[in-house]
Structures are given as C-alpha cells and as structure tokens.
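Participant: Below: one structure in structure tokens.
The values are calculated or read from the model by the stated rules, or taken from the named source; none is laboratory data. What you see is a predicted model, and the numbers here were worked out from it, not measured in a lab. Cβ sites come from the backbone with ideal geometry, for glycine too, and all protein chains shown count toward neighbours.
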Amino acid sequence: MLNRLKAFVIRTGQKTLRETGPLFQMFVICYESAKSALRLRFLNPAVLRVLVDQIHFHGIRSLPGIAFLATIAGVIAVHYILSILTSLGAYDLIGGWLVRSMLHEIAPITVIVYLGFRSGASIIIEIAAMHLHGEIDTLHSLNINLADYVAMPRLLALLIAGPSLTFAFCIVGLVGGFFIMGFSEPITFGSYVDSIAYALSLSDLGIMFLKSFFFSLALGVISLQRGRMINTLATDLSYRLTQCIIELISFIVILEIVFIFTSW
C-alpha cells in the first residue's frame, strides 16, 4: 500500500514538473527580455542590427500577406454588416458593428494566427538551429547574456510588428472592404466614414492594441521556449511547431474569455 502511494506521489510530482517546467521557462524568458529591454541593451550596435532584421522580417515582409487577408476579411465583414443593417434601416449601428467586429476580434486574431504560422515557425527553426549547432552553448561559455542577443530582439520585434500589423489590417479591411463591396449598398463613402469615426473611441483602439500586444508576447515567448526544446531538427520541428500553435490558440481563447468578462 505504501509503495503504491509512493509511486502515485512520484508520478504526480513528475507530471507536475513536466507541465509547469515550460511555463516557468516562458516566465524566465519574458522576465529576462523585459529586464534587457529596460536596460536599453537594444542600443548596442550588434543587438540593434538583429532587432532591425527581426522587425523587417516579422513586420515589413508580412505586410503583403496581411493586406491580402485584410481585404478578404473586410469584404466579408463590410458586405454582410451593411447588407443586414441597411435592410433593417439601422444606419446608426453600422459604425459600431464594424468597429467592434474588426478592431476587437477579426484583426487581432487574424494577424496573430498569420504570424503564428509565419513568424512562430521562423523563430522555432532559428533557435533550434542555434541550439543544435552549439551556438547557444558558445554564447554561454563567452558569458554573453542570451536575453540580449537572442530572446529580447525577437520578442521586441514581435511586440512592435504585431500591433502595427493589426492597425494596418483594420485600415485596409475597413477601407478596402467598402471600395470592393460597399458601393453596392445604399450608403455613400462619406456617410460610411462618418459612421465609423463617430463610433470609434479610445477604448476600441486600446482593446485592439492590448489584444495584439499580449497575443504577440505569447507568440514570442512560446516560440522561443519551444525552439530551445528541440533535440533533433528533423523529427522534433513539426511536433514543437504544432505545440506552439496549440498553445497560442489556447492563450487566444483564454484572453478572449477574460475580455468578455471584464467588458460586462
């Protein structure tokens, strides 16, 4: 009986450590990166070069894909919302529905899912390659802080690119959606813009930036942690990438629930 109880306690402890270990590693990555950023380590020329390259890859090179997705999402949202509300004569609700649907939900979620498959995969592969080729151990042996040269530039780049791409997504989606589908509805572009401007508030922009900020933070931390856990690039990559996407989606769902309850 005692042996069974002892075995149960050991199995429970091992499972708890396996489950909480990655969370602790993510917290350490987040803490060390924040400390490095507050100390302005990104002003170091070597770190700044990495940061600029990461912003260019995650932000600027993602613009075409984001613009394409924003146009599609904008066409669908504008078409259905305008069709429903104009048929009901509820012209005063058009701006509010468009602002809340695009800024609160469509833009932040679409952008982070796109970045998850594009940037998340890139970070995992890059960190895994550095780990497998011994570059991480070399930096350790030279007493070089990994947060300064590895974690912080990539995390900071995502925190800049995520909200910026989300804001661009909203503009392209709302404007492009009307130009493609809106002219078929009984509303002028001027009235359309006025309704959005009237409904838009600082709280809407705040929710958009907060969601995109935390989504980007989660993506960066999860990708960095999962990249370090790869032991064999050929066999572990797909598994860790799948883990990253699943954990990112779980975080999105949790944050959405938090925003729903706090908005009541």
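Participant: Could we say that V47 is in contact with a helix residue (DSSP H, G or I) (Cβ under 8 Å, 6 or more places away or on another chain) and at pLDDT below 85 here?
Facilitator: Taking the combined requirement at face value, the residue satisfies it.
Participant: Restricting the search to region 95-116, which residues are among the aromatic types (F, W, Y) and either closer than 16 Å to G59 by Cβ or in contact with a Leu (Cβ under 6 Å, 6 or more places away or on another chain) (or both)?
Facilitator: The answer is Y114, and nothing else.
Participant: Okay, next question. Please list, ordered by first then second residue, the pairs with beta carbon atoms under 8 Å, 6 or more apart or interchain, first in region 145-156 and polar (S, T, N, Q), second in a helix (DSSP H, G or I) and surrounded by fewer than 22 Cβ atoms within 10 Å (Cβ to Cβ).
Facilitator: Pairs found: N145/E32; N145/R41.
Participant: Kindly indicate the residue of region 104-135 that is charged (D, E, K, R) and more than 14 Å from L241 (Cβ to Cβ) and also surrounded by the most Cβ atoms within 10 Å (Cβ to Cβ) among those meeting that condition.
Facilitator: Checking each candidate, the answer is E105.
Participant: Is it the case that I29 is modelled with pLDDT under 85 and either closer than 25 Å to F179 by Cα or assigned to a helix (DSSP H, G or I) (or both)?
Facilitator: yes
Participant: Just give me the residues in region 136-152 being surrounded by fewer than 16 Cβ atoms within 10 Å (Cβ to Cβ) and among the small types (G, A, S), in sequence order.
Facilitator: Listed by number, the list holds a single entry, S141.
Participant: Continuing with this model, one more query. Could you check S212 against (1) modelled with pLDDT of 75 or more; (2) of a type in the set (S, T, Y); (3) surrounded by fewer than 18 Cβ atoms within 10 Å (Cβ to Cβ) and say which number it fails?
Facilitator: (3)
Participant: So F179 clears everything in (1) modelled with pLDDT of 90 or more; (2) farther than 21 Å from L23 by Cβ; (3) surrounded by fewer than 24 Cβ atoms within 10 Å (Cβ to Cβ); (4) among the aromatic types (F, W, Y) except one condition, right? Which one?
Facilitator: Just one mismatch for F179, condition (1).
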